[in-house]
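Derivation of every value follows stated rules applied to the coordinates shown; laboratory data play no part. Note that the coordinates shown come from a computational prediction; the quantities given were computed from them, not determined experimentally.
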Amino acid sequence: MIEIIVEPEGIDLTLYKCIGAERTRTLEFEPGRLYVKEIVRPKYGLKDNTVAVPKGTCGVVIAPIPSSPIYKGLAGAAC
């Protein structure tokens, strides 16, 4: 299994703490090898809920999921 971590872009992570993660698994193929690729997207919430949310963001942020060739499919782009 190969694990890839995708962090949200364009936010100041010093204002947030990790509150969990979303995991997506796909089946990938290389000649002579079939393997699982797991994409981990950490979920962040504001450390201090008394501070105003930075403009253009939310109290909870997560990176968008990378696109796949088949909507909600298990096969990756290489299969």
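At full extension, E22 and V36 could sit 3.4 nm farther apart than now, given 0.36 nm per residue minus the alpha carbon distance. Remark: the Cα gyration tensor places the chain in the prolate category, a/c being 1.5 or greater and a/b exceeding b/c.
In order along region 3-15, phi translates into HN-Hα couplings of 10, 10, 9, 10, 8, x, 9, x, 10, 8, 5, 5, 8 Hz, rounded to whole numbers, per the Karplus curve 6.51 cos²θ - 1.76 cosθ + 1.60 with θ = phi - 60° and x for Gly and Pro.
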